[in-house]
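What follows is calculated from the coordinates using simple rules that are stated; it is not laboratory data. In this text, all values refer to a predicted model and were calculated from it rather than measured experimentally. Here Cβ is always computed from backbone atoms with ideal geometry, including for glycine, and neighbour counts include all displayed protein chains.
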Amino acid sequence: MFIIQEILVSDDVLREQFLCKLDACKGACCWEGDFGAPLEDEELETLRQVYGEVKPFLRPAGIEALEEKGLFTWFDKMDGFGTTLLEDGACAYLTFDEKGIAKCGIEKAWEAGATNFRKPISCHLYPVRVARNEAVGFEALNYDRWDICSPACQAGQAAQLPIYRFVKEAIVRKYGEAFYTELDAVATDLLKKEKRT
């Protein structure tokens, strides 16, 4: 682990490689799993504010679930709020493009200029997950390994693209440019040292 501006960063985030291959997985991370996408506290209010802007970009099943169950759900095992799920386990904000690839309805609205909110930061950061313990002020960035992402791991290796660079835009969005610059310097130094040994 490395400490960057009081945030713990797993070695794997710096060393492992990743590049989404949506043509292979079809965006399965949007419908697989036991919980909705983790949401930060401020994102709960954001979802309330932008729902009207996002709604026209959602599927009818998603709209029905969100209006019946709420715009987010508490998940006991996750110990936090996440995006609401459909009965089949898919995210209620999930849509599909013309190729049948999953696409976030919130992000579709953002791309169309209908909202300023791109999507939950946990989705933007994926495959990096933020672990935190508010009582002790602990926050860490970890690599969330998932077998459905095997094609992304292979593509990342072929492109020689470390995870932290793959999610650069999301890291800058969450922690700022200075944090990313420091992270990149640490990673670059680490990889140089490893090549020498």
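Observations on the model:
- The angle between the Cα long axis of helix 150-159 and the main principal axis of the chain comes to about 50°, on a 0 to 90 degree scale.
- Between helix 60-69 and the chain: long-axis angle, C-alpha atoms, 0 to 90°, nearest 10: 90 degrees
- Exposed loop sites were defined as GluC sites (Glu not before Pro) in DSSP loop states (anything but H, G, I, E or B) carrying at most 10 other C-beta atoms within 10 Å; in the chain the longest segment without such a site runs 7-86.
- Normalising the Debye intensity of the chain to I(0), with uniform scatterers on Cα atoms only, and taking log10 at q = 0.09, 0.14, 0.16, 0.17 Å⁻¹ returns -0.36, -0.86, -1.10, -1.22.
- Once the Cα-Cα distance is subtracted from the 0.36 nm per residue extended length, the Ala158 to Asn116 segment shows a gain of 11.7 nm.
- 222 nm mean residue ellipticity, helices alone, for the chain (DSSP H n ≥ 4; -39,500 (n - 2.57); rounded to 500): -12500 deg cm²/dmol
- Nearest-ten-degree value, helix 41-54 long axis tilted from longest Cα axis of the chain: 50 degrees
- For Lys108, the lysines whose Cα falls under 23 Å of its own Cα, not counting residues fewer than eight places away in the same chain, are Lys21, Lys26, Lys55, Lys69, Lys99, Lys119, Lys168, Lys174.
- Magnitude of the charge dipole, the chain, Cβ model with Lys/Arg +1 and Asp/Glu -1, debye to 20: 760 debye
- Label-to-label distance, Ala131 versus Lys195, with points set 7 angstrom from Cα along the beta-carbon direction: 3.0 nm.
- Pairwise Cα distances in segment 27-126 exceed 20 Å for 28 percent of all pairs.
- Each residue in Trp110, Trp146, Trp74 was given a count of other beta-carbon atoms within 10 angstrom of its own, and listing them fewest first yields Trp74, Trp146, Trp110.
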